[in-house]
1. Report the relative contact order of the chain, percent, no decimals, based on alpha-carbon pairs under 8 angstrom and at least 6 residues apart.
2. Calculate, for residue 37 and residue 188, the FRET efficiency according to 1/(1 + (r/R0)^6) with r their C-beta to C-beta distance and R0 45 Å; round to the nearest 0.05.
3. Based on Cβ point charges of +1 for Lys and Arg and -1 for Asp and Glu, what charge dipole magnitude is obtained for the chain about its Cα centre, in debye rounded to the nearest 20?
4. How big is the antiparallel share of DSSP beta bridges in the chain, given as a percent to the nearest 5?
5. Please list, or write none, the aspartates and glutamates whose alpha carbon is within less than 20 Å of the alpha carbon of residue 269, excluding same-chain residues fewer than 8 places away.
6. In terms of the Cα gyration tensor, with a ≥ b ≥ c the square roots of its eigenvalues, is the stretch 9-217 rounded because a/c is under 1.5, prolate because a/b exceeds b/c, or oblate?
7. If I take every Cα pair under 8 Å that is 6 or more residues apart in the stretch 234-337, average their sequence separation and divide by the length, what percent do I get for the relative contact order?
8. For residue 296 and residue 148, compute 0.36 nm times the residue count separating them, minus their Cα-Cα distance, and round to one decimal in nm.
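Any read-out appearing in this document is the output of simple, stated calculations on the displayed coordinates, not a laboratory observation. Only a predicted model underlies this, so the values are computations on that prediction, with no experimental measurement involved. We place every Cβ from the backbone using ideal geometry, glycine too, and count neighbours over all the protein chains shown.
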Amino acid sequence: MTGKHKGRLKIFLGYAAGVGKTYQMLVEARRLKEEGRDVVIGYFEPHGRKETIAQTEGLEFVPRGRYEYRGSVFEDMDTDGVIARHPRLAAVDELAHANVPGSQFSKRWQDVVKILDAGIDVVTSVNVQHLESLNDQVWQVTGIKVRETVPDWVFEEADEVVMVDLTPRALLHRLERGVVYPPEKAREALRNFFTESNLTALREMALRQTAHQLEEERRAAAPAMAPSGKRERILLWLTPHPSTAMLIRRGRRVADFLGCPCDAVYVRKEEGAIEPWLNICANLRIGATAIECKGNAAKAIAAFARGNGVTQVYVTRNAPKVNELVDQARDLQITVVAERVRPV
């Protein structure tokens, strides 16, 4: 898929540390340099992995920036330095990384967008669990809540996504041999995140995500249609309840699967904070509309849906008057989404 930026973005996607995505990113950078491209490393995190470090030989590093915050000095990628150097391509490791305090942006993916907008191609690396819309699924499977996420639209605007694959058994063997982490950290990882069941589930997510990227153009050419003959369109009813975060991500994944638009609506008079959910909507590029409602909220949501060509409405089980919405919108498909609970 062609991105909207001036530079081209290539993402090397993995499912866990140690599968080789950074290694392959650097192999790509070396190959392009050997072809005569002007290539630099904007950011690289070695983690002590000798084979990966060896792939940086002969590649130019842009010096890291130094950022002062509350009397301390931190080092991180110098985004403006990369842009001033203006190579043909920059290799930027760890797309989901949270930047050090004092940096220009809070997240590295924002730095990458700025570099792309400056007309510089970027190759980068990231694990599938950092994709915003998969946040709930990853927690359900692994019990770990990923805090550093990348908006889905960054993936959608990538020109190429390449999955770097390795079987879970092979990855565990690398971990046991000390290739991925030092011995003590490796033992801790084996006791927690790096179980074979976790890795198998994450690998399946990465495979599905890669397949999704490949099918996007086909879906755009043949959009999903509702039984009525109208193009599918999903509407999410946002409420202050915490399960709304899960609802947004679930709705986005279904819309991606169907290749159809996804929007959101909320009633302004409802008590409670809606702002965190609006941030998630923005990360997933879901438009959110506020409704001024003096009467029945369910009736107002149903009227909005009909007036905007919606075919499916998604709502959490905890939304107020959810049963009234089902009664008010019998001509629409209403999906009541239950909050996932991890098995004990």
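1. 17 percent
2. 0.65
3. 720 debye
4. Values: 7 of 46 bridges.
Here the share of antiparallel DSSP bridges comes out near 15 percent.
5. Here the aspartates and glutamates satisfying the reach criterion relative to residue 269 are 292, 324.
6. The shape class here is rounded.
7. In percent, rounded to a whole number, it is 32.
8. Values: separation 148, 0.36 × 148 = 53.28 nm, distance 3.84 nm.
Gain on extension, residue 296 to residue 148, equals 49.4 nm.
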